[in-house]
Every structure is written in structure tokens, then in C-alpha cells.
1. If I ask for residues that are open to solvent by less than 40 Å² (accessible area, probe 1.4 Å), farther than 18 Å from Asn332 by Cβ, polar (S, T, N, Q) and within 31 Å of the chain's Cα centre (by Cα), which ones from the stretch 252-306 would you list?
2. Of the residues Val331, Val360, Val352, Val313, which is at pLDDT below 70, under 17 Å from Asn283 (Cβ atoms) and hydrophobic (A, V, I, L, M, F, W, C)?
3. Under 6 Å by Cβ, and 6 or more places apart or on different chains, what pairs join a residue from the stretch 306-335 that is on the phi > 0 side of the Ramachandran plot with one that is modelled with pLDDT of 80 or more and part of a helix (DSSP H, G or I)?
4. Can you find a residue in the stretch 30-42 that is over 30 Å from Glu119 (Cα atoms), surrounded by 10 or more Cβ atoms within 10 Å (Cβ to Cβ) and at pLDDT 75 or above?
5. Restricted to the stretch 92-113, and to residues that are crowded, with 16+ Cβ neighbours inside 10 Å and either more than 22 Å from the chain's Cα centre (by Cα) or at pLDDT below 70 (or both), which residue is nearest to Ala138 (Cα to Cα)?
6. Name the single residue that is farthest from Thr154 (Cα to Cα) among those in the stretch 169-184 being surrounded by 14 or more Cβ atoms within 10 Å (Cβ to Cβ) and among the hydroxyl-bearing types (Ser, Thr, Tyr).
7. Of all the residues that make up the stretch 212-255, how many are β-branched (Val, Ile, Thr) and more than 16 Å from Ala279 (Cβ to Cβ)?
8. Ile53: open to solvent by less than 100 Å² (accessible area, probe 1.4 Å), of a type in the set (Val, Ile, Thr) and touching a Gly at 6+ places or on another chain (Cβ under 8 Å), yes or no?
Amino acid sequence: MKNNQLGKTYQLTDNVHYSAKTGFYYHAQSNAPADGKWPAARYDVWVELNGAINLLWLLIRLIILITLLFLVLGTWLIYLLARRLNRPLVQLTEASKRTNRDISKTYQNQLPIPASPQEVHDLSVEFNRLLKSLSDQAQADRQFVSNASHELKTPIAAIRGHVSLIQRRGEQHPEIIPTSLAYIDEESERMQRLIESLLRLSHANQLELTTAVIDVSQLVHQVVQSAQTSMPRTIDVHVQAHVSAETNGDAVRQILNSLMANANKYSPADTTMTVSLTADTKNFTLTVADEGCGIEDSQKSQVFNRFYRAKSVRDQIEGNGLGLAIVQQLVNLAQGQITVEDNQPQGTRFIVTLPRLKPVQQDSEKFSN
């Protein structure tokens, strides 16, 4: 094939060319020199490539078409799958919005719990636990405000009543004035104690305890000796010697004072109170036992609630029901535990276990009385 027959050509590679008349073609040539047997020869190879090029373009178009098809189909399937997976989250979001809008029942409604996917199921369960915890806390706060208002209202009403009595009859009957003033003083002192307890409880909720290494054995002896002067009873002391711990000494002192005051209040004067301290390598335990009327099993879980007082002593012994609530808050802040159980043969034992936090030397196994 002559070049004048091909028209204007373009060389794309060494052997591939393009002609406006024939399209793409392959052209290669070679010269073979004479070797004695065969004369010199020249080889020209011409191959039309239009068929191969058309097939190649067809394959490219098919690949592009299939790619676009799978891209559209995959996008659609991903959209459907995402909608299915997000449906529980959408329901959870809508339920959360309804809960937030309904202020009067905040935290009381429960969110729907889908069976799948597992992650959303677990998230819904944890959300409901959080709502239940917030609901319980809100109910406790409302009950606390109600109880505090009731406890404050009683002495205020009594004080106002006696003030009114003095104003109406004080001039004609001056003999009622000392009695009314004594009653006003008593009720105002009762209200002051209640307010101080409320303040201690409020401070305990926000307190951050700082720790230091202290001699707990010596601290217990000091607290008992100080309390002995104001408590008309025998206090039996069992203290493990040389117990040291990294803890907050003021918190331990207040815990022990409150438990001893509680035991003194709810047990007869002719009975014995027992205070003990034991320790192992990890914890130390304070125990205060009395020989009073004891606490029923059904009420043991409630004695640490704010303003809670057992019916059997509510009308017989004065109190506001905040002492043990403050003790429990301090124990929690000190990362400890407090339990209550029956004392033998009668009475109640409060057991406080607090961490020692720091490795210390081996304690003496002897007890001092």
C-alpha cells in the first residue's frame, strides 16, 4: 500500500499510524540481507486496526455503563440500608424531643427500645436507665423540698402562735410570757439545728475531700473521749492499735460523731454503746453498736434517706432525719461503704468501711480498751 493511497497520515507510535482514509493501521518493515542461499529481501507488514479499536471502544463503553449501573444501584441500596438502620435512631430522636417538650413528665417517659441493630438497642437501654435515674433524683428532690418545708413550718407556726399569744394576752396575763418565751427559744433552737443540718447536707453534696495520712486509732480515741463527757452512758471501746490511712480526718471524725450521737439518741441511758476499729491491708472498719430498740429489716434500706424516721420513734424521740443522710454522703465521698445490721442480743450496728488507699506497715493485732 503506497503512502499516496493513504492520504495524510499521523504516526502514533513506531508502528501504529492513523490515516484519514483507512483509519488506524499497523505497518512494520524489515530488510533481510543476502546470505549466499537467499537473495536480499524486504518485508512490509500492513494490518488494519479499525476492528480491534472498535472492539476496544465497545469494551470501554460497556465497562463505563456497568460501572454507572452498579454505582446507581449501590447508591440506592446503601440509601435503603441507611434508612433501615437509621429508623430506630429517628424514632429515638423523636421520642427524646417529645420527652423534652413535656416538661411536666420529664424523665418519666421511657424511650422505645428497638430489637436491632444491637448498638441502638444498647443505647436506648442506657438512655432509659439514665432517665430512670434522673426521675428518681427529681422525685427525691421534690420529696426533700416537701419534707424540709414541713419540718421548718412546724416550729415557725409554733413561734408565731406564741408571739400572737403574748401580743393578745401578755399585758393582762404576764405570767404566760416566760413560758411562751421558753417555748419560742426551744422551737427556734430546733429550727436552727434543722437549718444547720440542711447546710451540712448541701455542703456534703458539693464537697471534695482532701486526704492525708492520719493515725485513725488515735483519732477514734480522741472522738470517744470528747463524746464521753456529754453522753451519760458507758462506751465500750475496741480499737486496733497503730491503724494509719490516707483519708480525710474531718470526714472520719464527723462520721463517727454522728453515728455515736445517733446511737446515744435511740438507746436507753443505762445501756452500753460499743465503738470499734479494725483494719486489714486495704480497708479500715468503724463500727458503732447500741442496745436500743433496733431497726426493722424492712426499714434498714430507708434509714439513710433524707428526713426518714421510723414510725416507732417518730413521735417519741426528737430529730429531723438528716444525720444518717449526711453520714452516708460523707462515706460516699470518702469512697467507702456503710451498712446497718442487728446487734446481738438487741440494738443496731452501723458498719463503715473506708479504704486505706496507701500501703502501710503491718498493724499490731492487739486491741486497746
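1. Across the stretch 252-306, the qualifying residues are Thr287, Gln299.
2. Val360
3. Between residues of the stretch 306-335 that are on the phi > 0 side of the Ramachandran plot and residues that are modelled with pLDDT of 80 or more and part of a helix (DSSP H, G or I), there is no close pair.
4. So in the stretch 30-42, the residues over 30 Å from Glu119 (Cα atoms) come out as 30-42.
Narrowing further to those that are surrounded by 10 or more Cβ atoms within 10 Å (Cβ to Cβ): 32, 41.
This time we only want the ones that are at pLDDT 75 or above, so: none.
So far as the stretch 30-42 goes, no, none of its residues is over 30 Å from Glu119 (Cα atoms), surrounded by 10 or more Cβ atoms within 10 Å (Cβ to Cβ) and at pLDDT 75 or above.
5. Among those residues, the one meeting the criterion is Tyr107.
6. That would be Ser180.
7. 5
8. Criteria met by Ile53.
The values are calculated or read from the model by the stated rules, or taken from the named source; none is laboratory data. In this text, all values refer to a predicted model and were calculated from it rather than measured experimentally. Please note: Cβ atoms are built from the backbone with ideal geometry, for glycine as well, and neighbour counts cover all protein chains shown. To get the accessible areas, we keep the full protein, side chains included, count just its heavy atoms, and leave off ligands, DNA and RNA. Shrake-Rupley method; radii C 1.70, N 1.55, O 1.52, S 1.80 Å.
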